[in-house]
Amino acid sequence: MTHSPLKTVAEQAIRVYVPCDSAALSVGADQIATTIKALAAEYQANIQLVRNGSRGLFWLEPLVEVETADGRVAYGPVQPEDITSLFECDFLSGDPQHPLYLGLTEKIPYLAKQQRLTFQRAGIIEPASIEDYTAYQGFIGLKKALAVGPQAIVDEVKQSGLRGRGGAAFPTGIKWQTVLDTPAKQKYIVCNADEGDSGSFADRLVMEADPFSLIEGMTIAGIAVGANQGYIYLRSEYPHAHQMLNKAIAVAYQHGYLGNHILGSDFSFDLEVRLGAGAYICGEETSLLESLEGKRGLVRAKPPIPAIEGLFGQPTIVNNVLSLATVPIILEKGAAYYEHFGMGRSRGTLAFQLAGNIKQGGLVELAFGISLRELLEEYGAGTLTGRPIKAVQVGGPLGAYLPEHQWDTPLDYEAFMQIDAMVGHGGIVVFDDKVDMLEQARFAMEFCVEESCGKCTPCRIGSTRGVEVIDKIRAGDNIQANTVLLTDLCDTMTHTSLCAMGGMTPYPVMSALNHFPEDFQPTNPKTGGC
Amino acid sequence: MQGNSSWDRQLVEKSIDSLQDKPGALLPILHSIQDQLGYIPSDAVPLIADKLNLSRADVHGVISFYHHFRSKPCGEYVIQVCRAEACQAMGSRQLEQTIKQTLGIDYHQTTLDGSFTLEPVYCLGNCACSPSIRVNDDIHGRMTTSKFNQLVDKMQTVAVEVQ
Ligand SMILES: Cc1cc2nc3c(=O)[nH]c(=O)nc-3n(C[C@H](O)[C@H](O)[C@H](O)COP(=O)(O)O)c2cc1C
Ligand code: SF4
Ligand code: FES
């Protein structure tokens, strides 16, 4: 803080926090910040406005916080017209009378019940402030990594049980071991920040709210396998994340956390953000590498796996944003600490993302094992429209639609596979009873038409045929025979596609058909039927 | 924005020269050109191909593969409407119809006055505040027809003032 030591405590500027995360911005946070500043001048209030990241309680955004002697007090969701009354109520002293008063932020049940490891700093700190980051345990993991060296780092990550958070859930430590064991002059760390799955925004939140955690995680990965160059492949749909990452990277260079001789060690690491260009398939790791190399994002056949022949033919770690941003806390607190969260082979925490038609949408970080129903009811508080929930799509556009009788399945990679569903990236999209599941099945096929890389026939042509067959069913044309045909087509796509794009599009389609057959009947009132 | 003035050529060459030494330079070059011109002029293709030692077909193939890259000029405001699932759950299908009607254009088209270009997008990462749209680099959440109309009014006023 910049106040003079001669001033009394009462005269110190009061810290007021207004998030600059793109979700908060999308509902007017900038205007809130400007108005608060203007009114503070009018009321002659001495405030220091901080633009923090979001806590991920998006249903409360714009969420304004004030630092008081008891801690940070929250008000939200704040609209511009509320600000005069906030000043009149003396919200700067944390007055509880205002209707938007939420109490101490940390005590809001939605947040208080979470187990925040990867997101421990999100919304608390100013994202690109290295002072804030280090004040909250930042770079302790990096210092440990430099001290213990490659194999010990990889062992720690292996023991933690961390599995890739990008969807496929491959053990991160094993991937790192392969890269470490593959001799090469040049190795790379590539962060998959494509976050193409609809319904997911956890990667974005890390990058906008706590970008140094990703930078630290990638640097540790570099030390672990002997790579001195990293790339963050970021989707072009995330302009704010792009700005924030670039800002944080510049600050990290200035402070010796990137570049030559990091923290005076022998280790050097360079990091650059590369923008994608609006192609869902470029989230698939080999397609991503093609794109980074400057080509069309066509999927490569595996083997060879990227850990052995990746970017420019060199051994490469490709990891999701969350996988990498979780590494610092694993090194800081130790594998055992991390591993004790979770269930079965799903260790640690997952960032569940509640989205769509939900009253309290946002990010909920919890240990694996919680049920979907608990998330929907206790955290989400049901639909925003107030109607009953009909279907929940978990794991992005390639994930299954789950009907109510499956909501008690614990969120665990293996348990979900057993019901023909997937946890994926942890995105949860809620639909009320107005949803037409045939329309959703059609969309899944249409999305595959739009986003297929085109390399193999079942996906490229199959998806187009899929849209046609569903249209026939909707038109009431030979429903039974066409349903058999659709099932057969999905079966072919599942078993003969080169990657999960064509291979998993059948999940949303078949789950819609199997669990909501009434929407595929001619009597379906939503489509008019015949 | 004119297609092939000498000024464009200079700008394109500058973009290529400053980025061509990066490994995998093609996407950064295309981004740089589109950021400045709003699109990638067809005349830029041979220049890029030549400097990067690629065929024109290679460069064209990359431009056409990615949804983000445009070969035609765009409007002053590019409006992207999210068509993905979380937004669907909150009524984006209805919203996109209204937006198309209000602007009088379909996806991938630009209004005659050059103000607006409309594009579909599959998720803006704002799924907890859906439905969402993006206008240039600003995301707008919890979108409704009336909020959209206000937004268009505001943009039209600004567009007129600029001219
Ligand atoms: C069609 C398709 C899209 C994918 N999209 C993403 C994505 O957006 N982000 C991501 O991290 N992984 C995505 N993946 C998974 C990646 O291929 C890869 O498994 C992941 O980046 C590995 O990192 P992790 O082990 O840390 O999860 C996608 C996979 C497929 C088949
Ligand atoms: S399944 Fe689809 S996206 Fe995957 S390689 Fe084949 S055509 Fe490409
Ligand atoms: S689904 Fe529309 S913003 Fe994510």
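Overview of values
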| read-out | value |
| --- | --- |
| Residues within segment A:288-338 that are under 25 Å from B:I16 (Cβ atoms) and aromatic (F, W, Y), tallied | 1 |
| The one condition in (1) within 16 Å of ligand 1 (Cβ to nearest atom); (2) over 17 Å from the mean Cα position of the chain (by Cα); (3) buried (at least 19 other Cβ atoms within 10 Å of the Cβ) that A:H425 fails to fulfil | (2) |
| Yes/no for A:Q151 being free of Cβ contacts under 8 Å to residues at least 40 places away in the same chain and outside any loop (DSSP other than H, G, I, E, B) | yes |
| Single residue of segment B:108-124 satisfying the filter (assigned to a loop (DSSP other than H, G, I, E, B) and within 20 Å of B:Q94 (Cα to Cα)) that is farthest from the other protein chains (Cβ to nearest Cβ) | B:H108 |
| Helices (runs of 4 or more DSSP H) wholly inside segment A:175-268 containing at least 1 residues that are more than 14 Å from every other protein chain (Cβ to nearest Cβ) | A:211-225, A:239-254 |
| Top-ranked residue of segment A:414-450 - restricted to ones that are away from ligand 3 (no atom under 16 Å from the Cβ) and without any contact (Cβ under 8 Å) to a residue 24 or more places away in the chain, ranked as farthest from B:M90 (Cα to Cα) | A:Q418 |
| Qualifying residue in segment A:470-477 (condition: on the phi > 0 side of the Ramachandran plot and either part of a helix (DSSP H, G or I) or in contact (Cβ under 8 Å) with a residue 40 or more places away in the chain (or both)) | yes |
| Qualifying positions in segment B:110-136 - closer than 24 Å to A:G396 by Cα and of a type in the set (D, E) | B:E119 |
| Residue among A:R373, A:R347 that is farther than 21 Å from A:P517 by Cβ, surrounded by fewer than 17 Cβ atoms within 10 Å (Cβ to Cβ) and touching an Asp or Glu at 6+ places or on another chain (Cβ under 7 Å) | A:R373 |
| Of residues in segment A:271-287 being more than 7 Å from chain B (Cβ to nearest Cβ) and touching a Gly at 6+ places or on another chain (Cβ under 7 Å), the one farthest from ligand 3 (Cβ to nearest atom) | A:L271 |
| Among (1) without any contact (Cβ under 8 Å) to a residue 40 or more places away in the chain; (2) over 20 Å from the mean Cα position of the chain (by Cα), the one test that A:T385 misses | (1) |
| Qualifying position, being within 16 Å of ligand 2 (Cβ to nearest atom), under 20 Å from the mean Cα position of the chain (by Cα) and either under 21 Å from B:H31 (Cα atoms) or of a type in the set (G, A, S) (or both), among A:G217, A:G196 | A:G196 |
| Residue list for segment A:312-344, filter: of a type in the set (S, T, N, Q) and crowded, with 24+ Cβ neighbours inside 10 Å | A:T316, A:N319, A:N320, A:S323, A:T326 |
| Test: residue in segment B:16-30 that is closer than 22 Å to B:T117 by Cα and either more than 16 Å from ligand 3 (Cβ to nearest atom) or charged (D, E, K, R) (or both) | yes |
| Identity of the residue in segment A:349-379, in contact with a Lys or Arg (Cβ under 9 Å, 6 or more places away or on another chain) and of a type in the set (S, T, N, Q), that ends up farthest from the other protein chains (Cβ to nearest Cβ) | A:T349 |
| Residues of segment A:403-450 classified as within 14 Å of chain B (Cβ to nearest Cβ), part of a helix (DSSP H, G or I) and among the hydrophobic types (A, V, I, L, M, F, W, C), total | 9 |
| Condition broken by B:I139, with the remaining ones in (1) in a helix (DSSP H, G or I); (2) of a type in the set (A, V, I, L, M); (3) within 9 Å of chain A (Cβ to nearest Cβ) satisfied | (1) |
| Residue match in segment A:484-504 (condition: away from ligand 3 (no atom under 16 Å from the Cβ), of a type outside the set (D, E, K, R), part of a loop (DSSP other than H, G, I, E, B) and out of contact with any helix residue (DSSP H, G or I) (no Cβ under 7 Å at 6 or more places or on another chain)) | yes |
| Qualifying residue in segment B:68-86 (condition: within 13 Å of chain A (Cβ to nearest Cβ) and of a type in the set (F, W, Y)) | yes |
| Selected residue (criterion: nearest to A:E332 (Cα to Cα)) from residues of segment A:109-129 that are crowded, with 18+ Cβ neighbours inside 10 Å and of a type in the set (A, V, I, L, M) | A:L117 |
| Among (1) within 16 Å of the chain's Cα centre (by Cα); (2) more than 9 Å from chain A (Cβ to nearest Cβ) - the single one B:I99 does not satisfy | (1) |
| Residues that are in a loop (DSSP other than H, G, I, E, B) and hydroxyl-bearing (S, T, Y), drawn from segment A:109-126 | A:T118 |
| Selection count where residues are in a loop (DSSP other than H, G, I, E, B), away from ligand 2 (no atom under 16 Å from the Cβ) and buried (at least 24 other Cβ atoms within 10 Å of the Cβ), scope segment A:269-306 | 0 |
| Segment A:444-462, residues that are farther than 10 Å from A:T505 by Cβ and within 6 Å of ligand 2 (Cβ to nearest atom) | A:C453, A:G454, A:K455, A:C456, A:R460 |
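Matching residues to (1) out of contact with any strand residue (DSSP E or B) (no Cβ under 9 Å at 6 or more places or on another chain); (2) more than 16 Å from ligand 2 (Cβ to nearest atom):
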residue: A:A481; (1), (2): yes, yes
residue: A:L485; (1), (2): yes, yes
residue: A:L489; (1), (2): yes, no
residue: A:T492; (1), (2): yes, no
residue: A:T496; (1), (2): yes, no
residue: A:A500; (1), (2): yes, no
residue: A:T505; (1), (2): yes, no
residue: A:F516; (1), (2): no, yes
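Rule-based calculations on the coordinates, nothing more; no lab input. The structure displayed is predicted, hence computed values, not measured ones. Note that we place each Cβ from the backbone using ideal geometry, even for glycine, and neighbour counts take in every protein chain shown.
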